[in-house]
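K.L.:
Handing you this structure, nothing more for now.
The values are calculated or read from the model by the stated rules, or taken from the named source; none is laboratory data. As the structure is a computational prediction, the values presented were derived from the model and not from experiment. Because the Cβ atoms are built from the backbone with ideal geometry, glycine has one as well, and the counts that use them run over all protein chains shown.
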Amino acid sequence: MSNAAQKTPISLLQELCATNGINPDYQLMSVEGAVHAPTFMYRVRVNEVVATATGQSKKKAKHAAAKAVLEILLSEDGLFKEGFVSDGVLVNSQTLNDIIAESVTAPPIDESCSKNPVGALQELCMKMRWQPPYYETEKATGLPHEKVFSIMCMVDNFQTSGEGKSKRLAKRQAAENMLNRLKALNIISEDEEEAAKGANQPEDGVSNSTSAFCDRDSDEDELIIDTQNLSINEGSGMRGSSITAETSECPDFMEEKIKNTDSDGS
């Protein structure tokens, strides 16, 4: 099998663009779907040619978008209808699918839903005896029916941000970015990150004895556990802490839980 057949749509598009002095522009447009099974949408622009595609991971979405752009560029009316040569193999509209078939049909990477980054980061902080991660909603942009939320995550002196179509997805992205940053700076090892994820901590780390302020995502009506409006007066452990939180939109069970905690500390 030729080397060209080993290449992905992204690498083929990059090769074509580099040969002609063009820079492909990739842009993440949206992240939708369930937390454990998100769908990513990417847009690729090459000069005036634009294509979008979706996938169950960022990589799959980018590959699909790159393939769509290649199909347009190599079509009979395309800018490069004659094709181009990659490692001695002609890449054109007739050979494109055969050349990238192997990479496109490769087995998907196992992305277990138990490895949620929010719970993993919470577990990691507990293991390392750090303060729990702090999350704060920075902004919400877009129309009421298609908002994009931005949430900040802080661990010690490190700060990352994440964006998503819901607060939960944005928080998940911020936590993932924090884990990647800590790993890149060699503050944690890859084994420590995997161990934290393998602990199967529930989403948002609710199993920890910290209290939280409840908010409902206006778009998806899902319960979001956040810490931006939480005030904890330090005492001798959690039972000695007094807790102040907004509960106007909390369900009854959360209000009762907060009242019980106050009673225990009195």
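K.L.:
Restricted to segment 11-51, and to residues that are part of a helix (DSSP H, G or I) and among the hydroxyl-bearing types (Ser, Thr, Tyr), which residue is nearest to residue 168 (Cα to Cα)? Working first, answer last.
P.N.:
At the first step, the residues of segment 11-51 found to be part of a helix (DSSP H, G or I) are 11-19.
When the remaining residues are screened for being among the hydroxyl-bearing types (Ser, Thr, Tyr), the result is 11, 19.
On the way: 11: 33, 19: 42 Å.
That would be 11.
K.L.:
List the strands (runs of 3 or more DSSP E) inside segment 132-228, counting only whole elements, that have at least 2 residues being outside the structural domain of residue 33 (by the TED database) and either of a type outside the set (A, V, I, L, M) or modelled with pLDDT of 85 or more (or both).
P.N.:
Working: elements: 134-141, 148-155, 158-164, 213-216, 223-226.
Result: 134-141, 148-155, 158-164, 213-216.
K.L.:
Still on this structure: With surrounded by fewer than 17 Cβ atoms within 10 Å (Cβ to Cβ) and closer than 30 Å to residue 165 by Cβ as the only criterion, which of 89, 50, 69, 85 stands out? So that I can check it myself, show each step before the final result.
P.N.:
Numbers: 89 fails: closer than 30 Å to residue 165 by Cβ; 69 fails: surrounded by fewer than 17 Cβ atoms within 10 Å (Cβ to Cβ); 85 fails: closer than 30 Å to residue 165 by Cβ.
Among 89, 50, 69, 85, only 50 is surrounded by fewer than 17 Cβ atoms within 10 Å (Cβ to Cβ) and closer than 30 Å to residue 165 by Cβ.
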